[in-house]
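Presented below is the structure to which this report refers.
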Amino acid sequence: MKAETTTMTLPVTVFETGADKDIEFESTLADYLPNINRIIRADADLICEDVQTNGSKAEVSGKAVFSLLYESDFKQKLKRERFETEFSQKFDLRDLPEGDLFPSAKVKCSYVGCKTLNPRRFILRCRGDIGLTVKCMQRVPVVSMEDSKGAFFKSKRLSVAEYSSDILRDFNMEETLSLETAPPIGEIIYTALDFSSPEISKSKGSALIRSEATFKCLYEPEDEEADLQMALRHFPVVLTVEDDAITEESDLSACLSAGTVESEKDIDSYGENRVIQLRYGVRATLGCINRNELTVPTDMFFEEYKNENKASILPYEEPLKEIKHRFTIEKAFDSAELSMTSCLDLNADASVTETVLGDDGISVKGNCGLTLFGQDNGYRSKDFTVPFSVLIPFANEGKECIVKSTAAARNGTAEIAGGRVSVRVPVELSISVTYKEKVTVLSSADIEKRVEEEKDGTPIIIYYPAKGESAWDIGKRYFTDPEKVKENNPDSFDKNGNVTEDGTVLYM
């Protein structure tokens, strides 16, 4: 007969792939907007809204948010408009194991462009890098220690990660920002909002997320002869995410992203337009990994039955806490090379091209794409790329592991002085390290009655073990409780149940 089995769950990544997605959007300016005289800049943000799996299929869906900054034919004033279009990308999944699946996706724009068809109609294009990862709490069979009555078991204690779905929460926020001594606002051209890397405090059922928001606002002053102004303000953001999966021991990671950003000018106490009323949406994505304690059977035997055991070697993952590393990119250019006499705004986007684990640590290489917006006989935008390479100390203890990293550029600064453009951009790396582990488990056993010749009385067995031999192996050989073997020979075993000396005599 077969031994009774049960199932245990082990964390594994079962599918990981990427795809390039070309997204195109053709549109016409709204009636209230002036004609396009010259395109200055096109931008695109890709937002992942949903990831679904159905059998052997997966689909990532979201939206592309385009923005078009252009010089109009009305007094050469600058205008900016936003456009949205949906996208989806399907994937074929292969050889999925039994267990609960937890898909996640990362999307990023790698290219954006604009083509004008006429002064009011245009085509926006972008290319998205879409990455899909499917993690699984894989269900595997093991012999049941509870249902195998009369058996002696050898077991191993494991503490393994327990994957779960990301916790998503959307918040609607408001903020009042004062421009103080800046020129009064005539017309807001565009606004942008970014968040610093969040800090997380956790308690049972709740996580407190703290971050700093950086708000940028390009506006035209009331004095039409004055130059455009870029207002920059920082303010704290505090969010509370409640979920039953969160415990005081949970390993949490958080990402904040801005959704809708709406702003309008307002008057201050002196009746001047030096106040901005900001309303924005923010999505908090919280990754939560808990620990699960498992007692895994590795061997078994009976006193009255003989059994043939089958062992399986099962792979699983051991994710470490995410490593954060911050550094700053500094670069100087000849201002003639950029054709700019003043800089109003700097946008930065960092990406990783290579992550390698070596003897000295984790080497990360990548590029930081920079977009400068400023003046030189009119307003213009200039793109350029700065490569980076950093080494993060890490000792992997000789284990097989997978190392991945992502980069995020925070709000940088650019200054033009003395014929030079100096750029300074803080960058934060998020590095994940996952050990590839294996555990040997007792997956099944065939059991049958052991038939022995009848003997008068109970025989006394004398055994001469080798040093280091375990009470478990001796008990299994003679179908005897290993604890009784140690109990009958108390001076022959160490605390781990191994024979201490050669030439020892054991009475079974």
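Karplus couplings for the stretch 302-309 from phi (6.51 cos²θ - 1.76 cosθ + 1.60, θ = phi - 60°), rounded to Hz, Gly and Pro as x?
10, 7, 9, 10, 9, 9, 10, 8
Per 0.36 nm of contour for each residue apart, how much would the distance between I47 and N290 grow if the chain were fully extended, relative to their Cα-Cα spacing?
The I47-N290 span can extend by a further 84.8 nm.
What do you get for GluC sites (Glu not before Pro) in the stretch 139-190 restricted to DSSP loop and a cutoff of at most 10 other Cβ within 10 Å of the site's Cβ?
Sparse-neighbourhood loop GluC sites (Glu not before Pro): E146, E180.
Per-residue ellipticity at 222 nm for the chain, helices alone: DSSP H runs ≥ 4 residues times -39500 (n - 2.57), over residue total, nearest 500 deg cm²/dmol?
Roughly -1000 deg cm²/dmol at 222 nm, from the helical runs in the chain.
Which value, in debye to the nearest 20, describes the size of the charge dipole of the stretch 145-301 about its Cα centre when Lys and Arg Cβ atoms bear +1, Asp and Glu Cβ atoms bear -1, and nothing else is charged?
Roughly 1300 debye, rounded to the nearest 20.
Sort C401, C136 so the one with the fewest other Cβ atoms within 10 Å of its own Cβ comes first.
In increasing order of surrounding Cβ atoms, one gets C401, C136.
Taking θ = phi - 60°, what integer Hz values does the Karplus form 6.51 cos²θ - 1.76 cosθ + 1.60 yield along the stretch 129-142, in sequence order, with x for Gly and Pro?
8, 10, x, 10, 10, 10, 9, 8, 9, 6, 8, 10, x, 9
Taking 0.36 nm per residue of separation and subtracting the Cα-Cα distance, what length does fully extending E248 through T181 add?
19.5 nm
Of S342, S56, how do they rank once you tally other Cβ atoms within 10 Å and put the fewest first?
Exposure proxy ranking, most exposed first: S56, S342.
Please list 3J(HN,Hα) in residue order for the stretch 76-82, calculated via the Karplus relation 6.51 cos²θ - 1.76 cosθ + 1.60 where θ = phi - 60°; whole Hz, with x for glycine and proline.
6, 6, 7, 9, 9, 9, 10
Using 0.36 nm per residue, how much length does the chain from E448 to Y435 gain when fully extended, once their Cα-Cα distance is taken away?
Full-extension gain reported as 0.7 nm.
Identify which of the listed values of Cα extents along the principal axes in Å was calculated from the structure shown: (i) 111, 58, 38; (ii) 116, 45, 44; (iii) 73, 70, 39.
(ii)
Using Cβ counts within 10 Å as a stand-in for footprinting exposure, how do F74, F215 rank, fewest first?
Fewest-to-most Cβ neighbours within 10 Å comes out as F74, F215.
What FRET efficiency comes out for S110 versus F394 if R0 is 25 angstrom and r is the Cβ-Cβ distance? Round to the nearest 0.05.
The formula returns an efficiency of 0.35 here.
Only the coordinates and a few stated rules stand behind these numbers; no lab work does. Quantities reported herein were computed from a predicted structural model and do not represent experimental measurements. We place every Cβ from the backbone using ideal geometry, glycine too, and count neighbours over all the protein chains shown.
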